[in-house]
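See structure below.
The values are calculated or read from the model by the stated rules, or taken from the named source; none is laboratory data. No experiment lies behind these values; they were computed from the predicted model shown. Neighbour counts are summed over all protein chains in view; Cβ atoms, including those assigned to glycine, are modelled from backbone coordinates with ideal geometry. Remember, those area values only see protein heavy atoms, side chains included, never the ligands or the DNA or RNA. Shrake-Rupley method; radii C 1.70, N 1.55, O 1.52, S 1.80 Å.
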Amino acid sequence: VFMVQTLEEKSRDKIAAFLPEALKHSLDSYHQFIISDDHPEDATSFTAHHNACKVAIAHIELLLKLAKWADLLTGCNQNETDDRLLADIIAQAQSELDQYSDKV
């Protein structure tokens, strides 16, 4: 039986393939940027640093929304290890976002 995927199904498959690494990379980059030794000393640099942090958080938030749209945690991957890894990455990203939101 030959099954034709809809555009939405194809999109979900592509998202499922790249999303875990995209989230992991985004979180790692955010952490590297936040803990770097280059702390802004003047108001202009501080504002630029703060804005960059907000952009990073927005990116992570967008990836989480994409994961929810793609409904990636419904067992569609048929691979429990991949599903668990994705669930862990999403949980970590959501936790980071919640911590950021609590501070703002």
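Accessible surface of region 1-74, 1.4 Å probe: 60 percent of it comes from carbon and sulfur atoms.
Where does each of 38-51, 15-28 land if you order them by average Cβ count within 10 Å, highest first?
Working: 38-51: 10.4, 15-28: 15.9.
Listed from highest to lowest mean packing, they are 15-28, 38-51.
From the square roots a ≥ b ≥ c of the eigenvalues of the alpha-carbon gyration tensor of region 18-68, which class results: rounded (a/c under 1.5), prolate (a/b over b/c), or oblate? Present the calculation step by step, with values, prior to reporting the outcome.
On the way: a/c = 5.19, a/b = 2.07, b/c = 2.51.
Note, shape of region 18-68 comes out oblate.
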